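What follows is a single structure, written as structure tokens, with notes after it.
Each reported figure results from applying straightforward, stated rules to the coordinates on display, with no laboratory input. For clarity, every value in this text was computed on a predicted model and none was experimentally measured. All Cβ positions, glycine included, derive from the backbone under ideal geometry; neighbour counts span all protein chains shown.
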Amino acid sequence: MKPSRFPLVVTWAVLIFFYLPIVVLVVQSFNSARFGGGWESTSLKWYRQLLKEPSIWDALMNTLIIATTATAASMVLGTSAAFALHRYGKSLLQRLHFSLIYTPLVLPEILMGLSMLLFFVAINVELGLGTIFVAHVTFCLSYVAMTVLARLQDFDFSVIEAAQDLGAGWWTTLWKVLVPILAPGILAGGLLAFTLSIDDFVISFFVAGPGSTTLPIKIYSMIKYGSPPLINALSTLLLLVTFASVAASQHLARKGEPRRDPSRARITMAQP
């Protein structure tokens, strides 16, 4: 009996549905025609024209500032939260802590953005880059915490105890033992947070103020007023940055996984 080809057909249909529009967007970014209805010639003029749009570069600078600072803060807070959850995860307080960390991962972005906007208005905080930074840290640290927490599942705390027995203080143990071991997981979570911060539109749209336009918000305004070729070129560059960050994050996550010793595994299996 031949195996059914239906799962294969469905898989390819889903992949085409998801990725064909992206391929069309990338191809159209090299089309010299102003509108995508027809193909005129292959050209890089829309990429060159991006260099002559100062408003786009201002938005890009705002995005990079927010993404960099939010990622750095998320790496510190997320790693601390993951360590506390793993080390003291059995208490009622830490179970509540885990719920608070996990909630931003499943909460709809529009609800999160609206709640952050109401919070800033309630405490009379002026909207701007500062409010976007706080909002991005709120959801980015959850991704860092979950990534580092997965790395901590195979962490041997006897290493810390051995370092302390040899006379190392907590600060020395932190920077000489704990951080180097967790570095691949921390960097992987940081790259993921950086990618999410750059691409975020919904939350940024709610908490942005005058003069704090980010790149996704700028792209949205360009769509409203009509600049399709520039959007295609800009989106292609964003895709390259996003794919590179995700690939680096996955590489670091795999690099941080502990290697199994085959000889040790055989000895373990041989034991009754």
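Brief remarks follow.
- Region 55-257, dipole about Cα centre (Lys/Arg Cβ +1, Asp/Glu Cβ -1), debye to the nearest 20: 120 debye
- Distance between the C-alpha centres of region 166-207 and region 29-73: 29 Å, rounded to the whole angstrom.
- Normalised by residue number, the volume inside the convex hull of the Cα atoms of region 144-191 is 62 Å³ per residue.
- Between the exposed loop cleavage positions of the chain, defined as chymotrypsin sites (Phe, Trp or Tyr not before Pro) in a non-H, G, I, E, B DSSP state with at most 13 neighbouring beta-carbon atoms within 10 angstrom, the longest gap is 158-272.
- Considering only 83, 160, 29, the residue lying farthest towards the positive end of the dipole of the chain is 29, judged by Cα position with unit charges set on Cβ.
- Pairwise inverse Cα distances across region 55-257, averaged and inverted, put the Kirkwood hydrodynamic radius at 18.4 Å.
- Percent breakdown of C-alpha pair distances by 10 Å bin, ordered from the shortest bin, for region 1-145: 9, 20, 23, 24, 17, 6, 1
- Extension gain for residue 43 to residue 58 (0.36 nm times residue separation, less C-alpha to C-alpha distance): 2.9 nm.
- Residue range of the chain that is longest and free of trypsin sites (Lys or Arg not before Pro) which are both DSSP loop and sparsely packed (at most 10 other C-beta within 10 Å): 91-258
- Scanning the chain for long hydrophobic helices, with DSSP H runs required to stretch 24 angstrom or more by C-alpha along their axis and to average at least 0.5 on the Kyte-Doolittle scale, returns 6-28, 54-87, 129-152, 179-199, 228-255.
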